[in-house]
Amino acid sequence: VQGREVDLTGEAFFRVVHDEERPFIVRAGGSVIRDIGTEFSVHTDGGAAIRVAVQEGSVALSRGADSVMLQQGDVGRIAEGRVESLPGGATAEEFAWMHGELIFRDTPISTVIADLRRWYGVEVRVADTALLQRRFTGMFTTEPRERVLDVIAMTLPARVERRGDTAYFRPAA
């Protein structure tokens, strides 16, 4: 098949003109996202978890033989090898990053860490597994990474230690 293909690690937004003869395909974390003529975002941290949000049109999301068709406003997710559809699950937050905003709503700390790595180039290490079980809600626009790290640490609660481009969250005393 002659086509247009992209291998993705991270987050991207695609606005695609559909072409039957040259399909547009995104490969991310062992998954395949095939455009059916659409605007959509793909979020992956390089692992097996994938999140696709459809702003307009439709896409097919698959992993192996498991697949779903996503329409405008839907979110597709692949976690632990399962493909699932969340009809109407796309919110404004799904696309906020395109406007320079990071929005987290009851987000697992592991996801927050992956986003911080992409946005700020900081590696975050968490010294206590109990902290990794927490979730975070917050919004950032133009804040410097030091402020973002301080706010997240305060809400965990934890203290943050910085060494170059690595930040360590440790339980608050």
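The values are calculated or read from the model by the stated rules, or taken from the named source; none is laboratory data. Just so you know, these numbers come straight off a predicted model, no measurement behind them. Quick reminder, even Gly has a Cβ in these numbers, built from the backbone with ideal geometry, and neighbours come from all protein chains shown. Side chains included, ligands, DNA and RNA excluded: accessible areas come from the protein's heavy atoms. Shrake-Rupley method; radii C 1.70, N 1.55, O 1.52, S 1.80 Å.
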**Report entry** Label-to-label distance, nm, for residues given as Arg125 and Ala92 (7 Å Cα→Cβ offset)
**Finding:** 3.9 nm
Report summary line: Note, Gly89: beta-carbon cut-off 13 Å, +1 each Lys/Arg, -1 each Asp/Glu, net -1
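How high is the relative contact order of the range 97-173, in percent, with contacts defined as C-alpha pairs under 8 Å that are six or more residues apart? All intermediate terms of the calculation are to be shown ahead of the outcome.
Working: 110 pairs, mean separation 26.0, N = 77.
Normalised by residue count, the contact order of the range 97-173 is 34 percent.
Could you give the semi-axes, largest first, of the ellipsoid that matches the range 101-173, computed as the square roots of 5 times the alpha carbon gyration tensor eigenvalues and rounded to whole Å? Each step should come with its number before you reach the end.
Numbers: eigenvalues 54, 42, 24 Å².
Over the Cα atoms of the range 101-173, the ellipsoid semi-axes are 16, 15, 11 Å.
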Query - When the convex hull of its Cα atoms is projected in every direction, mean area for the chain (nm²) - result: 10.5 nm²
Report summary line: Relative contact order in percent for the range 33-111 (Cα pairs under 8 Å, 6+ apart) equals 22 percent
**Report entry** Part-to-part distance (alpha-carbon centres) for the range 41-95 and the range 119-147, which is given in Å
**Finding:** 24 Å
Query raised in the report: If you roll a 1.4 Å probe over the chain with all protein chains in place, what percent of the accessible area is carbon or sulfur?
Result: 48 percent
**Report entry** Point-charge dipole on Cβ atoms (K/R +1, D/E -1) for the range 17-155, about Cα centre, debye to 20
**Finding:** 440 debye
Requested in this report: Using a 1.4 angstrom probe, figure out how much accessible area the range 1-101 has per residue, in square angstrom, rounded to the nearest whole.
Outcome: 51 Å²
Query raised in the report: Taking only the alpha carbons of the range 63-104, what extent do you get along each of the three principal axes, in Å, biggest first?
Result: 36, 21, 13
Query raised in the report: Which net charge results for the neighbourhood of Arg134, defined as the other residues with beta-carbon distances under 11 angstrom from its beta-carbon, given Lys and Arg at +1 and Asp and Glu at -1?
Result: -1
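Can you give the helix-only mean residue ellipticity at 222 nm for the chain, where every DSSP H stretch with n ≥ 4 adds -39500 (n - 2.57) and the sum goes over all residues, rounded to the nearest 500 deg cm²/dmol?
Details: 3 runs with 27 residues, N = 173.
Per the formula, -4500 deg cm²/dmol.
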Query raised in the report: Which value, in Å² rounded to 10, gives the accessible area of Val17 with a 1.4 Å probe and all protein chains present?
Result: 120 Å²
